[in-house]
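**Q** Handing you a structure now.
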Amino acid sequence: MSLERVVTIDLNFFGFPGAIASYLVHLPHQAVLIEPGPATTIPTLKQTLADLDLTPSDIRDVFITHIHLDHAGAAGWLAEQGATIHVHPKGAPHLINPEKLLQSASRIYGEFMDTLWGEFKPVSESNIHIPQDNERVSIDGFSFQVLDTPGHSNHHYSILFEGVLFSGDIGGIRVGNTPHIELPTPPPEFNPQTWRASLLRLQELELRAIAPTHFGIYTDVQYHLDHLLRQLDQLEEWLETQMSSNPSIEELSEALGQWLNAQGRSQLPQSYQPYFTYLNPTWMSAAGIYRYWHKVRQA
């Protein structure tokens, strides 16, 4: 019954179907949104809600897995419509005052910042709810359990509803309903040790399905999580070898691109190759790995 309550909203990010999802959970008397997506896809979100006979003000509760712009960019706009935003305690201050978040993102995206992500509106503190790890948020008689799952970022929650795990980015990137899954490793908080611990925690749950924000609902949960754990192991082994020569960030990025292709990216249909330019660009993942190695691994 839980899967029947979940609608996958394709936000059609920059015309790419199946790139960024927002998940709508139908309850008897209201609807809950998990992952509002970036501000640039608000028109698509509004239209899809209208197609479902809903208005933005019908969404009273919004869960975000973490505050990166492709996941939380529309949170402020939904809060203006009256929604309560449920967010990790480390992420909440940056929704209320996003200045530092936006400065950090601007350093990454530069001149493309506004085009990609649009206006990131702050969320009023009165619209924020900060659940704690393992807390069950009761809405309309149903339970939404939040699970602290760092690794991609240190402010990352996964949301569990009736055996369906909304995994944000800790569950990797999987597009086109293919078996290929990638680890997005952006700066500044990528950490393979905490990521592994998060995945092992998720493996202990009784899950019917896993729903990464990028993209879709998958019932092969054991394969999905096992694949991510193997990829983490392989990435760390590769990193030990690669960093022994003290490469520049440019050299690391080139080598990482080759490694990702060998891991299966190059075997995907050509139509899916552009997705990674936006969802998991090699230069950004390399920057996260490079920072982890020098700031954490060697600290």
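**Q** Considering only residues of the stretch 7-36 that are outside any strand (DSSP E or B) and free of Cβ contacts under 8 Å to residues at least 60 places away in the same chain, which is nearest to Trp77 (Cα to Cα)?
**A** It comes out as Pro36.
**Q** Right, next: Among the candidates Leu49, Leu95, Leu24, Leu33, which residue alone is crowded, with 19+ Cβ neighbours inside 10 Å and under 23 Å from Pro188 (Cα atoms)?
**A** That would be Leu95, the only listed residue that is crowded, with 19+ Cβ neighbours inside 10 Å and under 23 Å from Pro188 (Cα atoms).
**Q** For the stretch 190-211, how many residues meet the condition of being without any contact (Cβ under 8 Å) to a residue 60 or more places away in the chain and either buried (at least 21 other Cβ atoms within 10 Å of the Cβ) or not charged (D, E, K, R) (or both)?
**A** 12
**Q** Which condition number in (1) of a type outside the set (Ser, Thr, Tyr); (2) modelled with pLDDT of 95 or more; (3) assigned to a helix (DSSP H, G or I); (4) at positive phi is the one that Gly110 fails?
**A** All conditions pass for Gly110, except number (2).
**Q** Among His71, His88, His152, His66, which is in a helix (DSSP H, G or I), buried (at least 21 other Cβ atoms within 10 Å of the Cβ) and of a type outside the set (Asp, Glu)?
**A** Criteria check complete, one pass: His71.
**Q** Among the residues of the stretch 232-290, how many are under 13 Å from Ile173 (Cβ atoms), in a helix (DSSP H, G or I) and of a type in the set (S, T, N, Q)?
**A** 3
**Q** Of the residues that sit in the stretch 155-179 and are part of a strand (DSSP E or B) and of a type outside the set (Gly, Ala, Ser), which one is surrounded by the most Cβ atoms within 10 Å (Cβ to Cβ)?
**A** That would be Tyr157.
**Q** Scan the stretch 119-149 residue by residue and report those that are surrounded by fewer than 23 Cβ atoms within 10 Å (Cβ to Cβ), touching a Leu at 6+ places or on another chain (Cβ under 6 Å) and not in a strand (DSSP E or B).
**A** Asp140
**Q** Could you tell me which numbered condition Gln222 fails, if it satisfies all but one of (1) modelled with pLDDT of 95 or more; (2) surrounded by 14 or more Cβ atoms within 10 Å (Cβ to Cβ); (3) in a helix (DSSP H, G or I)?
**A** (2)
The values are calculated or read from the model by the stated rules, or taken from the named source; none is laboratory data. Nothing here was measured: the structure is a model prediction, and the numbers come from that model. Note: ideal-geometry Cβ built from the backbone for every residue, glycine included; neighbour counts use all protein chains shown.
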